[in-house]
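The values are calculated or read from the model by the stated rules, or taken from the named source; none is laboratory data. Because the structure is predicted, anything quoted here is derived from the model rather than measured. All Cβ positions, glycine included, derive from the backbone under ideal geometry; neighbour counts span all protein chains shown. Areas reflect the complete protein model, heavy atoms only, side chains present, ligands, DNA and RNA absent. Shrake-Rupley method; radii C 1.70, N 1.55, O 1.52, S 1.80 Å.
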Amino acid sequence: MRVVIQRVSQASVTVEQELLASIGQGLMVLLGIEEADSEDDVEWLVRKILDMRIFADNEGKMNCSLRDIDGEILLVSQFTLHASTKKGNRPSFIRAARPDHAIPLYEAFLARLNHERPGKVAAGRFGAEMKVALCNDGPVTILMDSQHRE
C-alpha cells in the first residue's frame, strides 16, 4: 500500500457536485492498493499514520500525533499512486490492485481507522470520480509504502 499523507487545516471530497465528506484539522490520506497488499499492510499503515508526530506542540515543534491533537482523517482511494512511468509518457497502472482485491482492503483500512478514531473519520467513495479540496497545513506531505516499510 502506498499513502500520501497531508497535514491539513481542512479538506473535503465531492462526488457529482455533492459534498460527500469534509474534515477540519487533521490528515488527508490518499490510499493506493496493489495486489501484494494484505491485512498486515493495513495494520502497519494505520498504526503509523495515527502515531506519526507531525503536528506542532506548544513550542512549535513537530511532536504531536493525530491522536494528541484530536484530529480528523479524510481517506480517499487513489489507484494512480501505483503509476509506473518507466516507459513512454502514458502511465501504466498494472501494479494497482483490481477492485476484487482492493475494495476489501480499502474497507478494512477504513474500518480500522474508524475503530481507532470513532467519529473522526470521513471517506471518499471507492472508484468514483472525486473532486478533492484541501488546505495543506505547513505544507507537510509524507509518502509511505508498506512494501518498503520506510
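Data table
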read-out: In region 4-28, the residues that are closer than 14 Å to Met130 by Cβ and part of a loop (DSSP other than H, G, I, E, B); value: Glu16, Gln17
read-out: Scope region 94-109; condition under 17 Å from Leu45 (Cα atoms), open to solvent by 40 Å² or more (accessible area, probe 1.4 Å) and either of a type outside the set (Val, Ile, Thr) or in contact with a Pro (Cβ under 6 Å, 6 or more places away or on another chain) (or both); matching residues; value: Pro104, Glu107
read-out: Restricting region 115-127 to residues that are free of Cβ contacts under 8 Å to residues at least 60 places away in the same chain and crowded, with 16+ Cβ neighbours inside 10 Å, the residue that is nearest to Ile33 (Cα to Cα); value: Phe126
read-out: Where a residue in region 128-150 is open to solvent by 100 Å² or more (accessible area, probe 1.4 Å) and its partner, wherever it lies, is of a type in the set (S, T, N, Q), with Cβ under 7 Å and at least six apart; value: Lys131/Thr14
read-out: Residues (surrounded by 15 or more Cβ atoms within 10 Å (Cβ to Cβ), free of Cβ contacts under 8 Å to residues at least 24 places away in the same chain and not in a strand (DSSP E or B)) located in region 29-66; value: Ser65
